[in-house]
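K.L.:
Here it is, the structure, as C-alpha cells.
The values are calculated or read from the model by the stated rules, or taken from the named source; none is laboratory data. This is a predicted model, so every value here is computed, not measured. Positions of Cβ are generated from backbone atoms using ideal geometry, with glycine treated the same way; all protein chains shown enter the neighbour counts.
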Amino acid sequence: MAFPAESTTFVPEILNFPIFMKQKFLFMAFVAALIIGCKKEEPEINPQAKFSYTTDELKISFTNHSTNATSYEWDFGNGKTSQLVNPTITYEKEGTYHVSLKAWNNGKSHSTEQSVTVSYKKPTAQFTYKIEQPLKVVLTNTTSNATSYEWNFGDGTSSTIKNPIHTYKNFGVYKLTLTAKNGTKTDTYQQTVTIEAPTVCYFSGFEVTKIPSNNVYYQIQLTDDYVLSKTTYVWTNWFLLSSANLPYTYMFNSPVQLNISNTYIARLYKRSSKPSGQADGKGDYSVSITSAQLKSYPEQLTWTTTNIGIKFYFKWK
C-alpha cells in the first residue's frame, strides 16, 4: 500500500497547542486589549479656596472651607500672613480689611477674597447707687461692653474707679454722670442724687486698737454727762484684751439711738479679774462725744490718748 507524500505546508506552532491552551491564550489577549482600550487619562484635581469668619470686636476667627487643597496662604490685609488652616487674628485698630486665601494642591492654586470690617462694641453705661451714710454714696456700675470709666459726681470731683464710693461735703442735689468707654466707642448715663440731712443717729459699735494694760478685762459704757446721777444708754459685756488680739471689734445687735443735740460720755473700765454686770462710777478713762461732733454726721469718731485707741461707729437714717 502506498502512502501519500509528506506535506511541506507550514503550520503555525500555536495550532499544535492543545485546544484548552489555545482558548486560554485567546482570552488573555482579549482582556489585555479591553484594558488598553478602556484606559482613560485621569482628570486633574484643582483646589477651590473658600472661607468664612466670625468677629469679636477686633478679633476674627477664620474657618477654612477649601476643597482639594493641601496647603494655604492667608493675607489679612494688614501686612500679616499665615499658613494655618484656621487662623485667628486680632487687628490693632478698627477698619475694613481685604482678606485673601490662596489654596494649593500639586503646584496648582485658587484664590478667594473677602472684605472684613472690625470695630469695638458700643458700651451701654448704667449704674445704681445707695446712700449708706448721710454724705456717702456707694455706686454700683452695671455697664456692659466697657473697658474704662469716668465718673463726675457733680460737686467738682471725679473718679475712674469702676465702683467708687463718694462722700460729699455738703447736703444738696447732685448730678451723677458716668461715661463708659470701649476703644473709640462711648456712652453716657446720668442720675440725680439727693443728699439729705438724716433724722436719726445710731451708736452701732466700736473697735479697740490700743489699750492701757494687757491681759485685763474691759467694759465700755455710753452715758450722759451727769452731775448727781448718770443715765447709761449702753454697756458691754466684759472682754479680755491684750495686744495680741487687737484690733478688737464689738458691734451691737441692736444699735442705740442717740439725740444729736445731746453730749455723751464714753467710759472705759478695766479689771484684773472678770466681774459680772455693769460697772459703777465714772470709769477709769472717759471721753466726751459732743453734740457738735454728732451734728457733722460722722461715720466714726476716734478716741486716742497715749494709752487708748478706740473708734466709735455710727449709722444714720
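K.L.:
When the stretch 263-301 is examined, which residues are found to be surrounded by fewer than 12 Cβ atoms within 10 Å (Cβ to Cβ) and either on the phi > 0 side of the Ramachandran plot or outside any loop (DSSP other than H, G, I, E, B) (or both)?
P.N.:
Within the stretch 263-301, Gly277, Gly281, Ala292 meet the criteria.
K.L.:
Looking only at the stretch 190-213, which residues are more than 26 Å from Pro255 (Cα to Cα) and surrounded by 17 or more Cβ atoms within 10 Å (Cβ to Cβ)?
P.N.:
Across the stretch 190-213, the qualifying residue is only Val193.
K.L.:
OK, next. I'd like the residue in the stretch 253-262 that is outside any loop (DSSP other than H, G, I, E, B) and of a type in the set (S, T, N, Q) and, out of all such residues, is farthest from Thr236 (Cα to Cα).
P.N.:
As a first pass, look at the stretch 253-262 and keep what is outside any loop (DSSP other than H, G, I, E, B): 253-258.
Still in the running and of a type in the set (S, T, N, Q): 253-254, 257.
Working: Asn253: 11, Ser254: 12, Gln257: 16 Å.
Among those residues, the one meeting the criterion is Gln257.
K.L.:
Counting only residues that are without any contact (Cβ under 8 Å) to a residue 40 or more places away in the chain and assigned to a strand (DSSP E or B), which one in the stretch 103-116 is farthest from Asn78 (Cα to Cα)? Walk me through it before giving the result.
P.N.:
Let us first name the residues in the stretch 103-116 that are without any contact (Cβ under 8 Å) to a residue 40 or more places away in the chain, namely 107, 113, 115.
Retained after the next criterion (residues that are assigned to a strand (DSSP E or B)): 113, 115.
Working: Glu113: 14, Ser115: 12 Å.
If we take residues in the stretch 103-116 being without any contact (Cβ under 8 Å) to a residue 40 or more places away in the chain and assigned to a strand (DSSP E or B), then Glu113 is farthest from Asn78 (Cα to Cα).
K.L.:
Hey, among the residues in the stretch 229-262 that are more than 19 Å from Cys201 (Cβ to Cβ) and more than 48 Å from the chain's Cα centre (by Cα), which one's surrounded by the most Cβ atoms within 10 Å (Cβ to Cβ)?
P.N.:
Lys230
K.L.:
Residues that are in a strand (DSSP E or B) and touching a Pro at 6+ places or on another chain (Cβ under 7 Å): does the stretch 166-178 have at least one?
P.N.:
Within the stretch 166-178 (the criterion being in a strand (DSSP E or B) and touching a Pro at 6+ places or on another chain (Cβ under 7 Å)), the answer is no, since none of the residues qualifies.
K.L.:
Next up: Considering the stretch 108-143 alone, what residues qualify as being basic (Lys, Arg), within 27 Å of Ala197 (Cα to Cα) and exposed (fewer than 14 other Cβ atoms within 10 Å of the Cβ)?
P.N.:
The one that is basic (Lys, Arg), within 27 Å of Ala197 (Cα to Cα) and exposed (fewer than 14 other Cβ atoms within 10 Å of the Cβ): Lys130.
K.L.:
Could you list, in sequence order, all residues of the stretch 138-159 that are in a loop (DSSP other than H, G, I, E, B) and not β-branched (Val, Ile, Thr)?
P.N.:
Asn145, Ala146, Phe153, Gly154, Asp155, Gly156 - these are the residues of the stretch 138-159 that are in a loop (DSSP other than H, G, I, E, B) and not β-branched (Val, Ile, Thr).
K.L.:
Among the listed residues Ser100, Ser7, Ser109, which satisfies the condition of being at pLDDT below 70 and either within 30 Å of Thr147 (Cα to Cα) or among the polar types (S, T, N, Q) (or both)? It would help to see each step written out before you state the result.
P.N.:
Working: Ser100 fails: at pLDDT below 70; Ser109 fails: at pLDDT below 70.
Going through Ser100, Ser7, Ser109 in turn, the sole match is Ser7.
K.L.:
Let me ask you something else. Here are the criteria: (1) among the polar types (S, T, N, Q); (2) without any contact (Cβ under 8 Å) to a residue 24 or more places away in the chain; (3) part of a strand (DSSP E or B). Tell me which single one Asn78 does not satisfy.
P.N.:
Single failed check for Asn78: (3).
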